[in-house]
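Please read the structure below before turning to the comments.
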Amino acid sequence: MLEIVKYPDPLLRKQSEKVLTYNANLLELLEEMTDTMYIADGVGLAAPQIGVSKQIIVLDAGDGPMVLINPVVTVPEDTAYAAIEEGCLSLPDIRVDVTRPSRIHLAARDEKGNPLSFDADGLLARVIQHEQDHLNGVLIIDYLSSIQRQLLRSKLRSLEKLYSGAV
Ligand SMILES: [Zn+2]
């Protein structure tokens, strides 16, 4: 299992680079990421979460493992938004209500570099958007209202202390 990068590691805040080379190394990384996601009991994992600043996502929203490379999310015009509680493998014990579009269109590449595109809703749309945020250095705590941030303050502080080695 790969080590999962935890908040507040600055690696989680970097903008990820596009994947340009599709080779055996990439396939190996995808396999390791998928294994790590399942072992960690997650529904999705983005490459920055294992310290790789590349636009790579693996996920399983209930229909088996899926790989998305260089994903581009667009939101259809008439889409409704919903607030749903999310967790994150990089933020243990933190849950945040995140408002996102309920339906998206996705364009990406598969593990061989072939283009793919589809519409997604439900959990799949949710997971894709959460993982896509990771590629842009965005975390669920960025969606906190100031009141929610106050409520989670001690949990965030303890993660920060853990990272700096103060505890
Ligand atoms: Zn996450």
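Throughout, read-outs are computed from the coordinates displayed, never taken from laboratory work. What you are looking at is a predicted structure, and each value in this text was computed from that prediction instead of being measured. Cβ: placed from backbone, ideal geometry, glycine included. Neighbour counts: every protein chain shown.
Key figures for this structure:
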read-out: Failed condition for Gln132, given (1) touching a residue at least 40 places away in the same chain (Cβ under 8 Å); (2) away from the ligand (no atom under 13 Å from the Cβ); value: (2)
read-out: Segment 92-115, subset of a type outside the set (D, E, K, R) and free of Cβ contacts under 8 Å to residues at least 24 places away in the same chain, residue farthest from Ser16 (Cα to Cα); value: Ser102
read-out: One residue from Leu116, Leu124, Leu159, Leu89 being part of a strand (DSSP E or B), closer than 22 Å to Val43 by Cβ and either within 16 Å of the ligand (Cβ to nearest atom) or of a type outside the set (S, T, N, Q) (or both); value: Leu116
read-out: Any hit, segment 50-60, residues being closer than 23 Å to Ser158 by Cα and among the aliphatic types (A, V, I, L, M); value: yes
read-out: So Gln129, is it in a helix (DSSP H, G or I) and surrounded by 11 or more Cβ atoms within 10 Å (Cβ to Cβ); value: yes
read-out: Some residue of segment 135-158 being of a type outside the set (S, T, N, Q), under 25 Å from Thr34 (Cα atoms) and either without any contact (Cβ under 8 Å) to a residue 60 or more places away in the chain or in contact with a Gly (Cβ under 8 Å, 6 or more places away or on another chain) (or both); value: yes
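Conditions tested, residue by residue: (1) touching a strand residue (DSSP E or B) at 6+ places or on another chain (Cβ under 9 Å); (2) surrounded by 12 or more Cβ atoms within 10 Å (Cβ to Cβ); (3) in contact (Cβ under 8 Å) with a residue 12 or more places away in the chain.
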{"position": "Gln15", "(1), (2), (3)": "no, no, yes"}
{"position": "Lys18", "(1), (2), (3)": "yes, no, yes"}
{"position": "Ala47", "(1), (2), (3)": "yes, yes, yes"}
{"position": "Ile50", "(1), (2), (3)": "no, yes, yes"}
{"position": "Ala61", "(1), (2), (3)": "yes, yes, yes"}
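Per-residue answers, yes or no, for (1) of a type outside the set (Gly, Ala, Ser); (2) within 16 Å of the ligand (Cβ to nearest atom):
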residue	(1), (2)
Lys14	yes, yes
Val19	yes, no
Tyr22	yes, no
Ala46	no, yes
Gln49	yes, yes
Ala61	no, yes
Pro65	yes, no
